[in-house]
Amino acid sequence: MKRLFTAFATPLCTALTGVFAGSLGLSLVVVPAQAQEREKVTIAIGTDVLDASQVNNTSLPIYTKCWENAGLDVTLQPTNSTTAMQAVLTGQADMVNMGPAAAIIARTKGAPLKAVYLNMRHNFQFPVVLDSSPIKTIADFKGKTIGVLSYGSQMVQIFKGMLTEAGINPDKDVTFVETGSGAQAVTALSRGRVDIWGTWDSQIATAENMGLKLRRFSSPFADKLNFGGSYFVRDDMITKRPKTIEKVLRCVAMGSVTALANPQGSLKVHWKVFPLTKPSSVDDATAIKQGLHIIQTRGEFLKLEPGVKWGEIPISAVANMVAFMKANNVIQTSPKLEDLYTNQFIAGINNFDTAKVVAAAKALPQ
């Protein structure tokens, strides 16, 4: 795993990183005090860009000591989706936070992987072009080059489906290239190395913070893809460590409540936990404005629908994703929906006092 860091007792930590206008790939190793007394949990994350959009499932559970107080010693491993998923399947990690497409493909091939918490409740991955680009519709993608984080990322599956929907053969009519994330991906787009940039909400917000004007594309079916970024575990963890799953994800849910209740306080917390994530090239007012744009953009994909609990996975969302992938030849067989997800932990995950969490959120440093 190329990057690793550990949740620990104090809210301030040392981050070794390169900053992309407030977003970054982190390198951090911290040895927690008395960590040996807590249950070890390793979470692989399907992105190496831990910008402020990740507050709910990284810096907030660390800063509030939620994981620590639950008796957990949590290690986070940021990487790409393919590597993150393989880490769980091979036992190098216990959980993975990533988009569902790769997990669905793996399940159809017999991999014992199942979603236990829906984090991103809408499709948040989009192809974008510079506002000055002559590309106006998805049909205009024909013959063009699309830059993506990695070939194994979920966005590739979504984009291929969107292309097929528009009458374009994704395997012959376009060229996918890996551009990574952050500054190198933005440079590839702005300098014409790729015609289209495949990316996600917080990266779009970060590029906009840099002054780029972008136009994003979706499609009717893609708009129905409500099975967004989720937490997946192996089947055996569901059987052997159910309480651990609840504890980890209860802190993520509380982090989501906190981020939505007090975005600015959550931003400040992110900077306290990971100091070098704060941009050093702009003044504080600009840094706050840019950081809030990232957090608030992510918030649109985190917030709950009326009557829904944190992490709850609607069967319709799973069915829509499977239908989308099968219709566009991403998968050839339809797996049993109940093999792809479970809501058995949702009651335990939501066993916290929301009013108290909101009150604590309002008290975060401003």
Output the residues belonging to region 178-211 that are among the hydrophobic types (A, V, I, L, M, F, W, C), in contact with a strand residue (DSSP E or B) (Cβ under 7 Å, 6 or more places away or on another chain) and closer than 17 Å to Ser133 by Cβ.
Ala185, Ala188, Leu189, Val194, Ile196, Trp197, Ile204, Ala207
In region 323-337, what count of residues is obtained for those that are open to solvent by less than 10 Å² (accessible area, probe 1.4 Å) and either among the basic types (Lys, Arg) or in contact with a Leu (Cβ under 8 Å, 6 or more places away or on another chain) (or both)?
1
Only one of Met237, Met254 that is surrounded by 19 or more Cβ atoms within 10 Å (Cβ to Cβ), closer than 24 Å to Thr64 by Cβ and modelled with pLDDT of 95 or more:
Met254
Count of residues meeting criterion [exposed (fewer than 14 other Cβ atoms within 10 Å of the Cβ), of a type outside the set (D, E, K, R), in contact (Cβ under 8 Å) with a residue 12 or more places away in the chain and in a helix (DSSP H, G or I)] in region 276-321:
2
I need every pair where a residue in region 331-359 that is at pLDDT 95 or above has its Cβ under 7 Å from the Cβ of a residue that is assigned to a loop (DSSP other than H, G, I, E, B) and not hydrophobic (A, V, I, L, M, F, W, C), sequence separation at least 6 or different chains.
Asn343/Glu312; Ile346/Lys309; Ile346/Glu312; Asn350/Lys309
Out of region 138-150, which residues are of a type outside the set (D, E, K, R) and touching a residue at least 40 places away in the same chain (Cβ under 8 Å)?
Ile138, Phe141, Thr145, Ile146, Gly147, Val148, Leu149, Ser150
Only one of these conditions is not met by Val194: (1) of a type outside the set (Asp, Glu); (2) under 25 Å from Gly291 (Cα atoms); (3) in contact (Cβ under 8 Å) with a residue 24 or more places away in the chain. Which number is it?
(2)
Please find, within region 37-84, the residue that is most open to solvent (accessible area, probe 1.4 Å) out of those that are more than 24 Å from Trp271 (Cα to Cα) and modelled with pLDDT under 95.
Glu37
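The values are calculated or read from the model by the stated rules, or taken from the named source; none is laboratory data. All values derive from a computational prediction rather than experimental measurement. Because the Cβ atoms are built from the backbone with ideal geometry, glycine has one as well, and the counts that use them run over all protein chains shown. For the accessible areas, the whole protein counts, side chains as well, though only heavy atoms, and no ligand, DNA or RNA atoms are used. Shrake-Rupley method; radii C 1.70, N 1.55, O 1.52, S 1.80 Å.
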